[in-house]
Structure formats: structure tokens, C-alpha cells
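The values are calculated or read from the model by the stated rules, or taken from the named source; none is laboratory data. Keep in mind that what you see is a predicted model, and the values were worked out from it rather than measured. Here the Cβ is made from the backbone with ideal geometry for all residues, glycine too, and neighbour counts use every protein chain on show.
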Amino acid sequence: MEKLEKLYEGKAKKLFATDDPEVLWVEYMNQATAGNGAKKAQIEGKGSLNNRITAVIFDLLKARGVDSHFVSSLSDTEQLVRKMDMFPLEIIMRNTAAGSFAKRYGVEEGTPLKQPILEFCVKDDALGDPFINNDGLIALGIVTEEELDEISRQARAVNEALLDIFSKIDVRLVDFKIEEGRTADGRILLADEITPDTCRLWDVKDGGETIEHLDKDLFRRDLGNIIPAYEQILERLEQLADAEGVTRS
């Protein structure tokens, strides 16, 4: 596979074309951001950890019947993915009240929800990634009703699979954000990344009586260094993959 011209550079990743028009070359960066880029820092080793965490999570998901755009790892910081026409959406699943949800509704952070909550935000930094409901998505032509049904079904399937994965490594999956896109042949698939940057993950190894963050809230809220936390997540996930005999891409 040949790496060609750079197509896009975001907050955490660069995308490059390859000699296969249906495959992209992804390079994970060391940049950490919060508040839609208002807070930034370069953190050595972050790109490698997120690339490796995403790869093993996508492999664990595939073993549970959840497909994605992930093709294979190339190096500690690079991977190949299927080219997608991305929906301009942040797709959010919440299992526990935290972050903006807890603040919005005046709920104590850490309150278990009686059922998972699926939310959507329009992916637009200039607008602050505004919340939008199902009717709004369809009325604005962002998705069709059929596409929304499939995106919602997949989001809930991803949540069920991730709850299983993280429970087995003594981590509470509080909430997460994913993105989805459409392949050239029209198939809707999970895309982008799943990392401690995009998930709230709380350690429950010692009983979970107090909140111990293993996610980007450490950076977002100035609680400490993210690298040891991300290393813990990677180590536990790799041990799980090995224990389950999951083939690594």
C-alpha cells in the first residue's frame, strides 16, 4: 500500500490517500484538545496509544459481530481504513450521567441511567456541535429516516458490545461518542476512532467507590497525566483480546 497526498488534518489525526481509491492511510497525532479546540497540548505518546487502542477495540468489536471501517494496523501511529462518506454527526451513547448531560439536567455525575440514552449533535465546531433531535436531522436533510434507523441500531449495538468489553477489564463505560459513514457501495459502518479521547471510562478495579478517570477528562479538567491512564486501557484491552483469542488486524 502506497501513501499518497494528505487529504485532511484534524485535531487528532491526519488522513492520506493511498494507491487504492477505497482505502485511506490514517496517522494519529500527539495533539490533545478540549472545548472544541480551545484547549490544546502536545502529549508525547498519545498518538501511538490511541492508534493501538482503536485497533484492538475494532478487532474486539468485529469478534462480537460489529463491523467498522478498520482494515489493519501499519505501525504504532498508523492504520488503514476504508474510505467513507461521513455523516456530519456526533453520535453519543450515555449509560451514566456525566459531563454536559449531568450539567444540562442538574443530575449528580455518576448517577446510573435507567436505560442508555442515544443523542445526536451536528458536527460543526463553529456552531459548537449543537444538539439536534431526530426530526431535525431528517428535516435538514442530514440523514434520511432509513439512514437514521440504521445509525441508531448500530449505535446501540456498539454500546452493548462495548459494555461487555469494558466490563471484562474492570472499566465502567460511562458514555462515548462515535461517528459513522457510508461506503462507496452504500453500506453504513462505524468509523473514526474509539479511544479514551472519545469515551468516558472509570476504573472499577478497586470497587469503583470513587471516580478514577481513565479518559480525556484528566486533560479536560486538569486532573492529571493522561498517558498512564491510556496505557492501562491499552494493556487491559490487549490482555482481553489475547484471552479471547481475537485475531489482530
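Overview of values
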read-out	value
Residue within the range 4-18 that is over 16 Å from the mean Cα position of the chain (by Cα) and assigned to a loop (DSSP other than H, G, I, E, B) present	no
Residue check, LEU113 surrounded by 13 or more Cβ atoms within 10 Å (Cβ to Cβ), part of a strand (DSSP E or B) and free of Cβ contacts under 8 Å to residues at least 24 places away in the same chain	yes
Flag if VAL158 is within 14 Å of the chain's Cα centre (by Cα), of a type outside the set (Phe, Trp, Tyr) and under 27 Å from ARG236 (Cβ atoms)	yes
Selected residue (criterion: farthest from PHE166 (Cα to Cα)) from residues of the range 93-120 that are of a type outside the set (D, E, K, R) and touching a Leu at 6+ places or on another chain (Cβ under 7 Å)	PHE120
Members of the range 85-98 found to be touching a residue at least 40 places away in the same chain (Cβ under 8 Å) and over 16 Å from the mean Cα position of the chain (by Cα), listed by number	ASP85, THR96, ALA98
Test: residue in the range 227-240 that is more than 26 Å from GLN31 (Cβ to Cβ) and modelled with pLDDT of 95 or more	yes
Residue match in the range 130-138 (condition: surrounded by 15 or more Cβ atoms within 10 Å (Cβ to Cβ), acidic (Asp, Glu) and in a helix (DSSP H, G or I))	no
Matching strands (runs of 3 or more DSSP E) fully within the range 169-249 where at least 3 residues are touching a residue at least 40 places away in the same chain (Cβ under 8 Å), in contact with a helix residue (DSSP H, G or I) (Cβ under 9 Å, 6 or more places away or on another chain) and assigned by TED's automatic domain parsing to the domain that holds LEU89	171-182, 188-191
Single match in ALA12, ALA38 (criterion: exposed (fewer than 14 other Cβ atoms within 10 Å of the Cβ) and either in contact with a Cys (Cβ under 6 Å, 6 or more places away or on another chain) or outside the structural domain of ASP197 (by TED's automatic domain parsing) (or both))	ALA38
Members of the range 12-54 that are at pLDDT below 95 and of a type in the set (A, V, I, L, M)	ALA12, ALA32, ALA34, ALA38, ALA41
Any hit, the range 172-191, residues being polar (S, T, N, Q), crowded, with 18+ Cβ neighbours inside 10 Å and closer than 26 Å to THR77 by Cα	no
